[in-house]
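Below you'll find the structure, written out as structure tokens, and then a few comments.
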Amino acid sequence: MFLDYLWPYDTPLVLTGAMRSAAQPGADGPANLLDACRVALAQNSRQRGVQVVMNGQIHQACSVRKTDSLALQAFSSPVVGPAGLLLEDRVHYLRPPGPRTVLPLPQQTTQKVALLEASLSADTLLLENILALDYDGLVIGGFGAGHISQRWATMIEHVAERIPVIIATRTGSGTTARASYGFGGGEMDLMRKGASMAGFLCPRKARILLWLLLGCQRQHELAQYLNEDI
């Protein structure tokens, strides 16, 4: 996703890898490399930005995640599925290319964005010191559709007055809610306190986006990027 926001060309940038080394039976590296070359050279790959090609599937950078530590099918795109497949040495896309957002190169790279995950009985020590530690932004992986404890929510109101705060879901799939839960620590309460909901972005991708926007001094446009479709 980092590369996708900074890749301004119609020509695709294709990433690949291997889950088994060349010394292991059934090594997948050569096939993945060949597939990646086919995708990079295919005319219908243009205007699709950065893509990940693994195990016969093509994934868009904005949606792909590593969802298994060791399996050959280690990468997937929750909710939307792969953008395309490699079948009989040909590149087949399952949907047309969508609009892309490209950011300028960051003017600074020293910005700090903290990433925390909500958990049961978690204390507020880190939240209490986020500002004192000179962080420029905060992303929280929340419960369910983007929720945190009331103790954390109280701290978020103070933090969000000074730096951007994004609440994502830690579940691994799906989106954050915006108008479903109004209890203390629910998404409606957090939005009233100044936090932004990440939508379909997982916590790691939300952190990358915020880091880039801070580096481009465009953090005031955060809501625009979080409201984009997956």
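Computed from the coordinates by the stated procedures, all read-outs in this text should not be read as laboratory data. Being a predicted model, the structure only gives us computed values, none of them experimental. Glycine gets a Cβ as well: all are built from the backbone with ideal geometry, and neighbour counts include every protein chain shown.
Note on the chain: antiparallel DSSP beta bridges, both residues inside, total approximately 45 percent of the bridges counted.
In the frame of its principal axes, the range 94-208 has Cα extents of 44, 35, 22 Å, reported largest first.
Take the Cβ atoms of R95 and A132, set R0 to 45 Å, and the FRET efficiency comes out at 0.45. Within the set (i) 1.11; (ii) 0.99; (iii) 3.68, the number that Cα Rg over 2.2 N^0.38 Å takes when calculated for this structure is listed as (i).
Computed from Cα atoms, the angle from the helix 203-215 axis to the main principal axis of the chain rounds to 80 degrees. Dividing the mean sequence gap of close Cα pairs (under 8 Å, 6+ apart) by how many residues the chain holds gives a relative contact order of 16 percent. Evaluating 6.51 cos²θ - 1.76 cosθ + 1.60 at θ = phi - 60° for every residue in the range 102-114, the Karplus couplings come out as 10, 9, x, 4, x, 7, 9, 10, 9, 5, 10, 10, 7 Hz, glycine and proline recorded as x.
Basic side chains Lys and Arg get +1 at the Cβ, acidic Asp and Glu get -1 at the Cβ, and with that the dipole of the chain about its Cα centre reaches some 240 debye.
Between 0 and 90 degrees, the angle of helix 29-41 with respect to the longest Cα principal axis of the chain falls at about 90 degrees. Site pair T171 and D10 shows an inter-label distance of 4.0 nm when each label is modelled 7 Å from Cα along Cα→Cβ. When the Cα positions of G174, G194, Q219 are compared along the charge dipole of the chain, G174 comes out farthest toward the positive end, with charges on each C-beta of Lys, Arg, Asp and Glu.
Length gain on complete extension for the stretch R178 to Q108, per 0.36 nm per residue less the alpha carbon to alpha carbon distance? Let's see the in-between values first.
Values: separation 70, 0.36 × 70 = 25.20 nm, distance 3.18 nm.
That pair, R178 and Q108, stretches by 22.0 nm at full extension.
So what is the relative contact order of the range 113-226, in percent, for Cα pairs below 8 Å that sit 6 or more residues apart?
Numbers: 212 pairs, mean separation 29.9, N = 114.
Normalised by residue count, the contact order of the range 113-226 is 26 percent.
Among A27, A61, A177, the largest mean-square fluctuation in a Gaussian network model of the chain (Cα springs under 10 Å) belongs to A27. Database remark: amide H of Y181 closer than 5 angstrom to the amide H of E187, M188 (H placed geometrically; neighbours at sequence offset of 5 or more, or on other chains; Pro and chain starts carry no H). Once both labels are positioned 7 Å from their Cα atoms along Cα-to-Cβ, the gap between E117 and N44 label points is 3.8 nm. Counting neighbouring Cβ atoms within 10 Å and putting the fewest first, the residues M54, M19 line up as M19, M54.
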